[in-house]
Number of protein chains: 2
Amino acid sequence: MRTLTPANSKNVLLTDGFLGSRVHLNRELTLHQQYARMEETGRIDQVRLAAGENVTRRCHGHKFWDSDIAKWLEAVGYSLAAYPDTELERLADAVVDLLEKAQEDDGYLNTYYSTFEPDKKWTNLRDNHELYCAGHLMEAAVAYHEATGKRKLLDVMCRMADHIDSRFGREKGNVRGYPGHEEIELALIRLHCATGETRYRDLAAYFVNERGHSPCFFQTEAETRGEQVRSSDWRYWQAHKPVREQDEAWGHAVRAMYLYAGAVDVATLTDDTELFEACRRLWNNTTTRKMYITGGVGARHTGEAFGEDYELPNSTAYAETCAAIGLVFFAHRMMLAEPDGKYVDILERALYNGVLSGLSLDGHHYFYVNPLSYDGKAPFFRGESNRRQKWFGCACCPANISRLLASLGQYVYSTNNDGDIYLHLYTASEASFQTGGAKLTVTQETDYPWGEEVKLTVQSSDILRKTIWLRVPGWCADYEVSIDGQPLESSVHRGYLPLQRDWSGTTVVDLTWRMPVETVAADPRVEAVRGCAALQRGPVVYCVEQVDNDVPVSNLVVHHGTQWTVDYCPDLLGGCCSITGDAYAIESTHAKSLYASPACLDVQPARLQAIPYALWANRGNHAMTVWMAYDRAGG
Amino acid sequence: MRTLTPANSKNVLLTDGFLGSRVHLNRELTLHQQYARMEETGRIDQVRLAAGENVTRRCHGHKFWDSDIAKWLEAVGYSLAAYPDTELERLADAVVDLLEKAQEDDGYLNTYYSTFEPDKKWTNLRDNHELYCAGHLMEAAVAYHEATGKRKLLDVMCRMADHIDSRFGREKGNVRGYPGHEEIELALIRLHCATGETRYRDLAAYFVNERGHSPCFFQTEAETRGEQVRSSDWRYWQAHKPVREQDEAWGHAVRAMYLYAGAVDVATLTDDTELFEACRRLWNNTTTRKMYITGGVGARHTGEAFGEDYELPNSTAYAETCAAIGLVFFAHRMMLAEPDGKYVDILERALYNGVLSGLSLDGHHYFYVNPLSYDGKAPFFRGESNRRQKWFGCACCPANISRLLASLGQYVYSTNNDGDIYLHLYTASEASFQTGGAKLTVTQETDYPWGEEVKLTVQSSDILRKTIWLRVPGWCADYEVSIDGQPLESSVHRGYLPLQRDWSGTTVVDLTWRMPVETVAADPRVEAVRGCAALQRGPVVYCVEQVDNDVPVSNLVVHHGTQWTVDYCPDLLGGCCSITGDAYAIESTHAKSLYASPACLDVQPARLQAIPYALWANRGNHAMTVWMAYDRAGG
């Protein structure tokens, strides 16, 4: 049922441009910095302790630290596949060696439990993330093996998977448990794809299918620990009903995204159409009722969780960076199952906005929380700063961004069983494919998402009759395509334009599209932005940051008649397009009165400058808003 | 420093009309129902147990139950003062007898601790509400004594106050503690005013002034209990700094309101101008940055607490009924300290909107949480129903509304030291005053807040040279006053129009004001309602409820040019003015897309009908919103 196969990221090099420059900074700086943080904070020491080595300072350990190390290892794997780096490989190999030593004889691997609480293993799947850490290490193992050819971590994690398989499941004597934080489901599928071992696929299917049956495993497990469980609301863990019966995104958003992504994998690899229907429902609920315009998901701070339908507050948005990354995973797998540009539209929305806002331009500061409005004063994360941070106590986001950036190539292209190629993302890049016995290379020259042109150079080592499917983004209403200068007559099928021909030698495909500034409104049921509009151009959502504007950004009113000007500014925020236009501003003359009529509606002309949302908060502490009051008839 | 003395509510009878009918229902039905609930839920049994009586069924007890009983007793007191009711008095007397028996020899009174955890008394002021319960019982004692002349509960609570006085304070050997939930501060002031005992005033001053010093008492106290305290953020308890240094409303909103009200009392009765300045700052912050248009305060569900400045979400508003009541207390005391109509404007806003929304028209269902927007589906309180409830596990709101309604008379008038009379609230009523050796009665005939006229009949038993100050509401831009048919020429001073003359015999004062429908906008820093407007008429905030409207209320757009029609509908919601007008509605044709441009902005003409916000949710489960998208130039 899985229709497409993603490109191997080592065969797709992002050369430069908006995404490419981020990928390079990730490799050259971010991954090194992250390793240093993991040393400083004792994360690597915990692995050393588990491996039986001495460490020179006290380490209290943490139950989830293996997942940070795993995501970093996974990122290093992808990065090495495309760009050799002796230092990174040496660091990673050393960590892999330690992990191998830390593995127990029965295959068990968790550096916290082995070191600090060996008698508490598998006693609290709900809260303690053992299966989650194992899943991330499996993903790392697959990535590291594919990149370097080194099997050590892959073998270690197969033994751990076997250990888990021997412990959990519906078979007699096994524990019918499943993880509190999902991740192992999609990881087991990756292990299955890398090794061909069907037990891993079946174990993933077990974890997805066991979840949510009544009585809830977490209840039984807690009672075994002697704990009283008062609540019977298991939505936080997506365990309130069987996954195949679910139709609304609930609970902790990262967990939900990872579960849904894993469920798509299980559904497609086990031909489970009923489960896939549930994934479609969850997709529709997530993206048409519970997603910010930035692709951020999980509106609530409490529980880092989804709110009700259309509950999308701005200044108090949680919109965790990891959750937007999870939406990329979910979107990618839906697209692989049933190729449709609508999935990539969401993937691109999340990537260019809610994911990249999580990383500073300097490459080593991170947002955990991504609000869409900020008053310049209030801290917006658990009383912490309103700046991007170098690290977090719970540091899930940093290495998650890094592994996504390092693996971006796989999202740019995929292939189907006929060897046809799907081009999903436009970004300056060089890709190569082995298909139909020939080698095909595709070079993208573009300054997307700023420019309106993409030049594709396709080179084939032989005469090759294949279709290249070009995605026509959902925001694109007007485009032209020519092949070697001849206009293409072709019609879009589910968001893709088929270029079917005999490819041979060098072919140049030119795409041109109109990329106007769009004034976007939300479904009026989103009461937080009722009466407001946001600016978007191509896939990029814009915001107004105080540093660029004379009047308070909270007071700006955009209107129907505004003429927008788009300028590429090479010196602004690493090079980006800014948007300027004539708006209004409400006069703040009624500061003594919170509610007033109607003098407070007096407005004055005001010049507005907007920048890409993902790039805000890179120039100090300034107020910001994505949504502005909108006057439909003004101008 | 306290300038005004509130009227005794027994001398101000609300006769009929919007407020009066609520007062009568409260007396005739609500107070009886509440007693029944307290019996059903074991609250009265807990008092019986503490009094040494046998009860026939198991009672687990609850630390805060005394406060529910106290608020009910206080409400009964006010009610009896104005309207004799043998049955209520019998029930109340019986409870008072039990409370007297429950009092320990040293004066201690708390029916939970005496019965269930006698060894835990005074071990956790932060969480366990002993001082809070005592405060409510003191308020009840004062009210019951003033109403009935019966001293029993007053004497009991003086002994408890003496017990507390002997235990807490800065004197050597005393505990320098203060309550986690404020209430006792204002209660001790009431006890002081009722008894003349200055120790009670000084103890109230101690509690206000000790709060917030470092190290925090709650830290020390927790360590004494052997607990580790991780957080040093004491804002939830308003204990992050000394009260006189505070300038921002923080933490649990009900606690904050009760503290600020008590602090005003302490400041005015101890001539503490520095403390009063802090009260002014807290007032300004609360009412110009952290208050809903309904007078609701405490935006956040988490901690039932204030959010940041301008953080006022609608569908997820907490806006606890008790907090709006607390704002009435705070406003009332500020007004008594420095007569100014601006305080009564807020008092009236809270009363007519955020308080009364807490009570159903049938008089025995309650909202704990008062959102300003509701989608017709999602539960809006801790997963509970979206309907008003008969009772709550933590049932602070029901009896709080009842005691406010039963004591409303005191808010209608007050007097100053010269015997002048201030008329604060317009409502059909009969009041009498002893002033200057004569008896003055003031009868208000009006259907305020619906009508535009008030007829005051002033009768004096003698020739009396006094000033009657008539409040000119902040919303009122255009009014006429005549005395015995002669237009009055007088100018407004701090929101009040002075009628200075020799009153003798019968004088008729006619007030007429224009009460147009106002389209109100919020300070644009309130990002939740940016681009939106609400409708208000007089003190009444309106909302659109789905049952009255053909198009989804979320989609309505009001505009500058709308002509509003106001109709008094005797059969609608117990009789009220509804507002109708021609608005627009956004077409929901893009249901598959959460964000769209610009087709989703297409609008169609739509008829809008609005009802008073306080009266919503009395006709079943329907979507509702106070704020609608606003088009400044439309129409």
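Answer with yes or no whether B:Thr512 is out of contact with any Leu (no Cβ under 7 Å at 6 or more places or on another chain), in a strand (DSSP E or B), open to solvent by less than 20 Å² (accessible area, probe 1.4 Å) and more than 7 Å from chain A (Cβ to nearest Cβ).
So B:Thr512 fails the test.
Listed here are the residues, each with its yes/no results for (1) open to solvent by less than 10 Å² (accessible area, probe 1.4 Å); (2) more than 14 Å from chain B (Cβ to nearest Cβ); (3) in a loop (DSSP other than H, G, I, E, B).
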position	(1), (2), (3)
A:Arg244	no, yes, no
A:Thr268	yes, yes, no
A:Asp271	no, yes, yes
A:Thr286	yes, no, no
A:Gly295	yes, no, yes
A:Gly303	no, no, no
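Of the residues A:Thr30, A:Thr115, A:Thr123, which is part of a loop (DSSP other than H, G, I, E, B) and of a type outside the set (Asp, Glu)?
A:Thr123
Report whether or not A:Ala617 is part of a loop (DSSP other than H, G, I, E, B), modelled with pLDDT of 95 or more and either of a type outside the set (Lys, Arg) or outside the structural domain of A:Val529 (by TED's automatic domain parsing) (or both).
Judged against the criteria, A:Ala617 is a match.
Out of segment B:453-479, which residues are of a type in the set (D, E, K, R) and in a loop (DSSP other than H, G, I, E, B)?
Result: B:Asp478, single match.
Quick one: what pairs do we get from segment A:441-470, first residue within 25 Å of A:Pro612 (Cα to Cα), second loosely packed, with under 15 Cβ neighbours inside 10 Å, C-beta under 6 Å, 6+ apart or different chains?
What qualifies is A:Glu445/A:Lys455; A:Trp450/A:Tyr568.
Within segment B:1-60, which residues are among the basic types (Lys, Arg) and closer than 30 Å to B:Asn417 by Cα?
Result: B:Arg2, B:Lys10.
List, please: which pairs have Cβ atoms under 7 Å, are six or more places apart or on different chains, and start with a residue in segment A:550-569 that is of a type in the set (Phe, Trp, Tyr) and end with one that is crowded, with 16+ Cβ neighbours inside 10 Å?
A:Trp564/A:Val517; A:Trp564/A:Ile579; A:Trp564/A:Gly581; A:Tyr568/A:Trp450; A:Tyr568/A:Cys577
In segment B:418-441, what residues are under 26 Å from the mean Cα position of the chain (by Cα) and more than 23 Å from B:Gly474 (Cα to Cα)?
Residues satisfying the conditions are B:Glu430, B:Ala431, B:Ser432, B:Phe433.
For segment A:307-328, how many residues meet the condition of being of a type outside the set (Gly, Ala, Ser) and closer than 20 Å to A:Tyr366 by Cα?
Residues that pass the stated criteria total 9.
For B:Ser491, are the conditions met, namely being part of a loop (DSSP other than H, G, I, E, B) and more than 12 Å from chain A (Cβ to nearest Cβ)?
yes
Checking the condition in a helix (DSSP H, G or I), among the hydroxyl-bearing types (Ser, Thr, Tyr), on the phi < 0 side of the Ramachandran plot and surrounded by fewer than 23 Cβ atoms within 10 Å (Cβ to Cβ), which residue from A:Tyr200, A:Tyr236 passes?
A:Tyr236 is the lone residue from the list that is in a helix (DSSP H, G or I), among the hydroxyl-bearing types (Ser, Thr, Tyr), on the phi < 0 side of the Ramachandran plot and surrounded by fewer than 23 Cβ atoms within 10 Å (Cβ to Cβ).
Within the set of pairs 6+ apart or on separate chains, which have a first residue in segment A:610-629 that is within 14 Å of chain B (Cβ to nearest Cβ) and free of Cβ contacts under 8 Å to residues at least 12 places away in the same chain, a second that is surrounded by fewer than 24 Cβ atoms within 10 Å (Cβ to Cβ) and part of a loop (DSSP other than H, G, I, E, B), and C-beta atoms under 9 Å apart?
From residues that are within 14 Å of chain B (Cβ to nearest Cβ) and free of Cβ contacts under 8 Å to residues at least 12 places away in the same chain, there are no pairs.
Given segment B:316-419, what helices (runs of 4 or more DSSP H) lie entirely inside it while holding 2 or more residues that are in contact (Cβ under 8 Å) with a residue 24 or more places away in the chain and of a type in the set (A, V, I, L, M, F, W, C)?
The helices (runs of 4 or more DSSP H) meeting that bar are B:321-337, B:341-349, B:396-406.
Do the conditions hold for B:Trp450, that is, is it within 11 Å of chain A (Cβ to nearest Cβ) and either part of a loop (DSSP other than H, G, I, E, B) or among the acidic types (Asp, Glu) (or both)?
no
Of all strands (runs of 3 or more DSSP E) completely enclosed by segment B:522-589, which ones contain at least 1 residues that are within 14 Å of another protein chain (Cβ to nearest Cβ), open to solvent by 10 Å² or more (accessible area, probe 1.4 Å) and not β-branched (Val, Ile, Thr)?
B:532-537, B:556-559, B:564-569, B:576-586
In this structure, does B:Ser482 turn out to be in a strand (DSSP E or B), exposed (fewer than 15 other Cβ atoms within 10 Å of the Cβ) and away from every other protein chain (no Cβ under 13 Å)?
Taking the combined requirement at face value, the residue satisfies it.
Please find, among A:Arg280, A:Arg230, the residue that is of a type in the set (Lys, Arg), part of a helix (DSSP H, G or I) and open to solvent by 10 Å² or more (accessible area, probe 1.4 Å).
Step by step, each of A:Arg280, A:Arg230 is checked, and only A:Arg280 is of a type in the set (Lys, Arg), part of a helix (DSSP H, G or I) and open to solvent by 10 Å² or more (accessible area, probe 1.4 Å).
For the list (1) crowded, with 19+ Cβ neighbours inside 10 Å; (2) modelled with pLDDT under 95, I need the number of the one condition that A:Val142 fails.
Result: A:Val142 fails condition (2) only.
How many of the residues in segment A:578-605 are modelled with pLDDT of 95 or more and aliphatic (A, V, I, L, M)?
Residues flagged as modelled with pLDDT of 95 or more and aliphatic (A, V, I, L, M) within segment A:578-605 amount to 1.
Restrict the check to segment A:273-284 and report whether at least one residue is within 9 Å of chain B (Cβ to nearest Cβ), farther than 12 Å from A:Ala253 by Cβ and free of Cβ contacts under 8 Å to residues at least 40 places away in the same chain.
There is at least one residue in segment A:273-284 that is within 9 Å of chain B (Cβ to nearest Cβ), farther than 12 Å from A:Ala253 by Cβ and free of Cβ contacts under 8 Å to residues at least 40 places away in the same chain.
Does B:Arg57 satisfy being open to solvent by 40 Å² or more (accessible area, probe 1.4 Å), more than 25 Å from the chain's Cα centre (by Cα) and either in the same structural domain as B:Tyr112 (by TED's automatic domain parsing) or over 19 Å from B:Ala102 (Cα atoms) (or both)?
yes
Counting only residues that are over 21 Å from A:Arg22 (Cα atoms) and either open to solvent by 10 Å² or more (accessible area, probe 1.4 Å) or at pLDDT below 95 (or both), how many does segment A:410-431 have?
Number satisfying all stated conditions: 7.
Evaluate the following for A:Gly180: is it under 26 Å from the mean Cα position of the chain (by Cα) and crowded, with 19+ Cβ neighbours inside 10 Å?
yes
Being free of Cβ contacts under 8 Å to residues at least 40 places away in the same chain, within 30 Å of B:Asn416 (Cα to Cα), within 26 Å of the chain's Cα centre (by Cα) and assigned to a strand (DSSP E or B), is that true of even one residue in segment B:496-505?
yes
Name every residue in segment A:83-115 that is modelled with pLDDT of 95 or more and of a type in the set (Phe, Trp, Tyr), in order of residue number.
If the condition is that a residue be modelled with pLDDT of 95 or more and of a type in the set (Phe, Trp, Tyr), then A:Tyr108, A:Tyr112, A:Tyr113 are the ones that fit.
Determine which single condition B:Glu518 fails, assuming it passes every other condition in (1) more than 11 Å from chain A (Cβ to nearest Cβ); (2) surrounded by fewer than 24 Cβ atoms within 10 Å (Cβ to Cβ); (3) in a strand (DSSP E or B).
Of the numbered conditions (1) more than 11 Å from chain A (Cβ to nearest Cβ); (2) surrounded by fewer than 24 Cβ atoms within 10 Å (Cβ to Cβ); (3) in a strand (DSSP E or B), the odd one out for B:Glu518 is (1).
Determine which single condition A:Ala324 fails, assuming it passes every other condition in (1) away from chain B (no Cβ under 14 Å); (2) touching a Phe, Trp or Tyr at 6+ places or on another chain (Cβ under 7 Å).
A:Ala324 satisfies every listed condition except (2).
The values are calculated or read from the model by the stated rules, or taken from the named source; none is laboratory data. Just so we're clear, the structure is a prediction, and the values are computed from it rather than from any experiment. Note that each Cβ is placed from the backbone with ideal geometry, even for glycine, and that neighbours are counted across all protein chains shown. SASA here: full protein model, heavy atoms, side chains in, ligands and nucleic acids out. Shrake-Rupley method; radii C 1.70, N 1.55, O 1.52, S 1.80 Å.
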